[in-house]
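The values are calculated or read from the model by the stated rules, or taken from the named source; none is laboratory data. Given the structure is predicted, the values throughout are model-derived calculations rather than measurements. Cβ placement follows ideal geometry from the backbone for every residue including glycine, while neighbour counts extend to all protein chains displayed.
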Amino acid sequence: MSYFLVHLQSGWHVDQAILSEEDRVVVIRFGHDHDPTCMAMDETLYNITERVKNFAVIYVVDITQVPDFNKMYELYDQCSVMFFFRNKHIMIDLGTGNNNKINWAIENKQEMIDIIEVVYRGASKGRGLVMSPKDYSTRHNR
């Protein structure tokens with residue numbers, strides 16, 4: 001599904017995407033198109049693109065092709081989703097201990113929409129850290 005999403009091809013493109021968006025949350029999936037976790041996340045992101053277009057824009061970045069942010073954002077996982085609003089990184093408390101990014105695939109479309117919505121609402125009120133609508137601390141205990 002990643003081929004349907006907009007790919008950012010360089011560090012400059014990533015910066016411009018984050019800098020140029022004034023009214024919507026910029027959602028960036030960092031990872032590899034061929035990774036199974038990224039494939040699952042990309043499918044979810046593609047499926048919600050139309051439903052979140054009024055308050056979010058979604059991009060994907062291959063961390064091998066664009067390694068500029070790997071150290072800065074600690075992109076060591078197969079797949080990482082980060083949120084930005086008005087050139088500011090928005091952190092989200094998911095109950096996992098890592099507030100910087102989502103580093104697993106969320107396959108439930110409504111869950112992902114809810115997360116982006118919470119990020120948008122909090123960020124538009126000036127918050128740099130928002131609370132997830134769901135606690136993911138026990139997500140491995142299904």
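Here are the numbers for this structure:
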read-out	value
Single match in K53, K101 (criterion: touching a strand residue (DSSP E or B) at 6+ places or on another chain (Cβ under 9 Å) and under 24 Å from E22 (Cβ atoms))	K101
Checklist (1) within 15 Å of H7 (Cα to Cα); (2) surrounded by fewer than 17 Cβ atoms within 10 Å (Cβ to Cβ); (3) charged (D, E, K, R) applied to D62, failing item	(2)
Some residue of the stretch 20-43 being touching an Asp or Glu at 6+ places or on another chain (Cβ under 6 Å), of a type outside the set (A, V, I, L, M, F, W, C) and closer than 19 Å to H89 by Cβ	no
Subset tally (residues that are without any contact (Cβ under 8 Å) to a residue 40 or more places away in the chain, closer than 20 Å to R121 by Cα and surrounded by 13 or more Cβ atoms within 10 Å (Cβ to Cβ)) for the stretch 22-59	0
Single match in K71, K53 (criterion: among the charged types (D, E, K, R), over 11 Å from the mean Cα position of the chain (by Cα) and at pLDDT 95 or above)	K53
Residue in the stretch 93-116 that is in contact with a Cys (Cβ under 6 Å, 6 or more places away or on another chain) and surrounded by 22 or more Cβ atoms within 10 Å (Cβ to Cβ) present	no
Residues (out of contact with any strand residue (DSSP E or B) (no Cβ under 7 Å at 6 or more places or on another chain) and either polar (S, T, N, Q) or at pLDDT 95 or above (or both)) located in the stretch 4-21	Q9, S10, G11, W12, H13, D15, Q16, L19, S20
Selection count where residues are over 23 Å from E43 (Cβ atoms), at pLDDT 95 or above, out of contact with any Lys or Arg (no Cβ under 8 Å at 6 or more places or on another chain) and not hydrophobic (A, V, I, L, M, F, W, C), scope the stretch 88-132	9
Test for D135: is it modelled with pLDDT of 95 or more and not hydroxyl-bearing (S, T, Y)	no
